[in-house]
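The values are calculated or read from the model by the stated rules, or taken from the named source; none is laboratory data. Nothing here was measured: the structure is a model prediction, and the numbers come from that model. No Cβ is skipped: glycine too gets one built from the backbone with ideal geometry, and neighbour counts run over all protein chains shown. Note: accessible area is taken over every heavy atom of the protein model, side chains too, but ligands, DNA and RNA are not part of it. Shrake-Rupley method; radii C 1.70, N 1.55, O 1.52, S 1.80 Å.
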Amino acid sequence: MRLVIIGGGILGTAHALAAIGRGHEVVHLEREVEARGATVRNFGLVWVSGRAANELELTLRSRRLWEEIGGKVPGVGFRPAGSITLVRTEAELAVAEAAAAGPTAAERGFELLDPDRVRALNPALRGKFLAGLHCSTDAAVESRQALPALRAYLEASGRYSFYAGAEARTVTGGTVIDDRGRRFDADHVLVCPGAAHSGLVRELVGDIPVRRVRLQMMQTAPLGEPLTTAIADGDSFRYYPGFAGEPLNRLNREESQAFTAARHKMQLLCVQRLHGGLTIGDTHEYDEPFAFDVDEAPYDHLTSVAEEFLGRKLPPVVRRWAGVYSQSIDPTAIVTRARAADNVWVITGPGGRGMTLGPALGEETADLLHL
Ligand SMILES: Cc1cc2nc3c(=O)[nH]c(=O)nc-3n(C[C@H](O)[C@H](O)[C@H](O)COP(=O)(O)OP(=O)(O)OC[C@H]3O[C@@H](n4cnc5c(N)ncnc54)[C@H](O)[C@@H]3O)c2cc1C
């Protein structure tokens, strides 16, 4: 069969990977010269630790798929480095203890470590914390390298063609027409537009149950030493459903977040890039219109938390940016698959887990379509 896939982010690319893997032919359209949506702006974290229990199987499947992909496509930079969530207060410690003792702790690879064991695992963490929740199944990829590397791998199949700078304008049945008037015929059309919910998507499926979320990020110059795991702070417990329970309720009730962190709905996540710099974030903004510029206060907060854990000054910040992802607001849906016609689907809304889940979502759609 022949598929036309619209959108060159991780969702479109993972769907192409699944279809090519099953012997089909793929024409892939991206409106920009290179994808520049959420995928290239993210941490590249393949994040198992805080996923809800009902998403765990899919998440672990995706993590295994990333590992396989990493073996075949070294350019994606897959590394099974794990993560440590560092806790600073008794209330955060209680959440970490509950997670380490929870029914899915073994599957996630959770273990609560005292500060000496944290430092044995990640010697760059010379600062202050009470304990660390290690998650051995967390992993990372290089977001800005992954898409071109995957496309080169797909092209080698001889059944994949990528059209950059090609905006899909109309989809009628199995025919897609781009903004140069080129026509592409397919058995299935998959529209993976990221956070572009208007235009083509609205014409195809109207208003779907998704919202957009904006995040602020930064990257430092090389650290000069390895940060052997990704790190997170205890505020991250507040944003991941896998930590829900009485200890988290108590944390939320008794311990208010620092003013800037609460105002910008922040957590610290930090991962070292292969070039040695640290990608650090993030904030969450839900109300549109979003700011078009980045706000400095969250960066001051992230810098002070990261420096507290590292016990040293951060290297200079060399880049700051914001990114927007699409998030399903249907609590029963991990991703939104909206059917526009028999053979036309719009697929978006994986939220802050799209990089993690991309490969498994691509396989899941391929199963649904009996590819
Ligand atoms: C700052 C930030 C950090 C994140 N960190 C993580 C993380 O560490 N781990 C994780 O799992 N997830 C993370 N996420 C979420 C993850 O990045 C997204 O869920 C995922 O990248 C979504 O992929 P996508 O392909 O749907 O969208 P995008 O990557 O946005 O790609 C959509 C593409 O479609 C193209 N397009 C749209 N309309 C058309 C059209 N009509 N014709 C042609 N092309 C079109 C766009 O140009 C765009 O390139 C993060 C997100 C952000 C913003």
Evaluate segment 105-127: report whether one residue or more is of a type in the set (S, T, N, Q), modelled with pLDDT of 95 or more and more than 25 Å from LEU314 (Cβ to Cβ). no
When you scan segment 68-80, do you find a residue that is within 29 Å of ALA98 (Cα to Cα) and touching a residue at least 60 places away in the same chain (Cβ under 8 Å), even just one? yes
Could you figure out which of (1) open to solvent by less than 70 Å² (accessible area, probe 1.4 Å); (2) within 16 Å of the ligand (Cβ to nearest atom); (3) more than 23 Å from VAL141 (Cα to Cα) isn't true of GLU203? (1)
Total residues in segment 326-335, condition over 20 Å from ASN42 (Cα atoms) and either touching a helix residue (DSSP H, G or I) at 6+ places or on another chain (Cβ under 9 Å) or open to solvent by 40 Å² or more (accessible area, probe 1.4 Å) (or both): 4
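Condition check ((1) under 15 Å from the mean Cα position of the chain (by Cα); (2) open to solvent by 20 Å² or more (accessible area, probe 1.4 Å); (3) modelled with pLDDT of 95 or more) across all residues:
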| residue | (1), (2), (3) |
| --- | --- |
| GLY7 | no, no, yes |
| THR13 | yes, no, yes |
| ILE20 | no, no, yes |
| GLU25 | no, yes, yes |
| ARG31 | no, yes, yes |
| THR39 | yes, no, yes |
| VAL46 | yes, no, yes |
Do we have any residue at all in segment 276-283 that's surrounded by fewer than 17 Cβ atoms within 10 Å (Cβ to Cβ) and not small (Gly, Ala, Ser)? no
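Output the residue which, of all residues in segment 28-48 that are outside any loop (DSSP other than H, G, I, E, B) and near the ligand (Cβ under 6 Å from one of its atoms), is nearest to ALA14 (Cα to Cα).
Taking segment 28-48 first, the residues outside any loop (DSSP other than H, G, I, E, B) are 28-29, 38-41, 45-46.
With near the ligand (Cβ under 6 Å from one of its atoms) added as a condition, the list becomes 29, 38-39, 41, 45.
Details: LEU29: 14, ALA38: 14, THR39: 12, ARG41: 17, LEU45: 16 Å.
Per the stated criteria, the residue is THR39.
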So HIS284 passes all but one of these: (1) in contact with a His (Cβ under 9 Å, 6 or more places away or on another chain); (2) within 11 Å of the ligand (Cβ to nearest atom); (3) farther than 30 Å from LEU86 by Cβ. Which condition number does it fail? (3)
Filter segment 77-92 for residues that are β-branched (Val, Ile, Thr) and surrounded by fewer than 21 Cβ atoms within 10 Å (Cβ to Cβ) and give the result. THR89
Considering only segment 184-192, I want to know if a residue exists there that is open to solvent by 30 Å² or more (accessible area, probe 1.4 Å) and more than 26 Å from HIS275 (Cα to Cα). yes
Restrict the check to segment 213-227 and report whether at least one residue is open to solvent by 20 Å² or more (accessible area, probe 1.4 Å), more than 17 Å from the chain's Cα centre (by Cα), among the β-branched types (Val, Ile, Thr) and not assigned by the TED database to the domain that holds GLY9. no
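Among the residues of segment 141-153, are any in a loop (DSSP other than H, G, I, E, B), closer than 30 Å to TYR299 by Cβ and either touching a residue at least 24 places away in the same chain (Cβ under 8 Å) or not assigned by the TED database to the domain that holds GLU97 (or both)? Outline the logic, then answer.
Keep residues of segment 141-153 that are in a loop (DSSP other than H, G, I, E, B), which gives 141-142.
Still in the list and also closer than 30 Å to TYR299 by Cβ: 141-142.
With either touching a residue at least 24 places away in the same chain (Cβ under 8 Å) or not assigned by the TED database to the domain that holds GLU97 (or both) added as a condition, the list becomes 141-142.
Yes.
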